[in-house]
Amino acid sequence: MYLTYDEYTNMGGETLSETAFEQLEFEARTIIDSWTFNRLHNEAEYPEAVKRCIFKLISLINNKQKAMIVDTQPEDGKIQLGIASESNDGVSTSYNILSAKDVIDTSQKELENIVHTYLTGVKNSLGRILLYRGIYPNE
């Protein structure tokens, strides 16, 4: 585990059950492992940047899951995200609407931004850059 439940709550994380947190942390850890070629697996202690990255990813994954649950309800497969325009006298309101694909694409871009923002230049205890796309000797 790259971030414990206690660390998560101390950082001001959303109110999640410990079980829900563990599932989200596992998914966030899997994403980081994918981007870092598992360069964090044998670490005794994780850099602050990794913990903060996990924290942000948990929030993003949780929000995406909530959006996808909402998205399965409407017949047209669209998500209403907020009021786009409103008029008072004619009482008409229009909403910003995204498809499930738009939500997934947007959250994927945000995920990539989070990983790059937090992990660019960060090294593990062996001095290997986490986001280096090549292979180090003995990897």
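Given a Förster distance of 35 angstrom, what is the FRET efficiency for Glu112 paired with Asp89, based on the Cβ-Cβ distance and rounded to 0.05? The calculated FRET efficiency here is 0.20. Evaluating 6.51 cos²θ - 1.76 cosθ + 1.60 at θ = phi - 60° for every residue in the stretch 123-139, the Karplus couplings come out as 10, 8, 5, 8, x, 8, 5, 4, 8, 4, 7, x, 10, 7, x, 6, 9 Hz, glycine and proline recorded as x.
3J(HN,Hα) along the stretch 111-116, derived from phi through the Karplus expression 6.51 cos²θ - 1.76 cosθ + 1.60 where θ = phi - 60°, amounts to 4, 4, 4, 4, 4, 5 Hz, with x in place of Gly and Pro. Where a Cα-Cα gap under 21 Å defines reach, which lysines qualify for Lys56, not counting those fewer than 8 residues away within the same chain? Partners within reach: Lys64, Lys66, Lys109, Lys123. Accessible area ranking (1.4 Å probe, heavy atoms, ligands and nucleic acids excluded), largest first, for Glu112, Glu25, Glu18: Glu18, Glu112, Glu25. Ranking Lys51, Lys66 from most to least accessible surface, computed with a 1.4 Å probe over the protein chains only, gives Lys66, Lys51. Between Asp6 and Leu131, full extension at 0.36 nm per residue minus the direct alpha carbon distance yields a gain of 42.3 nm. In plain terms, the chain from Asp102 to Phe26 could stretch by 24.9 nm, reckoned as 0.36 nm per residue minus the Cα-Cα distance.
The values are calculated or read from the model by the stated rules, or taken from the named source; none is laboratory data. Remember, predicted model here, so these are calculated numbers, not experimental data. Please note: Cβ atoms are built from the backbone with ideal geometry, for glycine as well, and neighbour counts cover all protein chains shown. Each accessible area value is taken on the protein alone, full model and side chains, heavy atoms only, with ligands, DNA and RNA left out. Shrake-Rupley method; radii C 1.70, N 1.55, O 1.52, S 1.80 Å.
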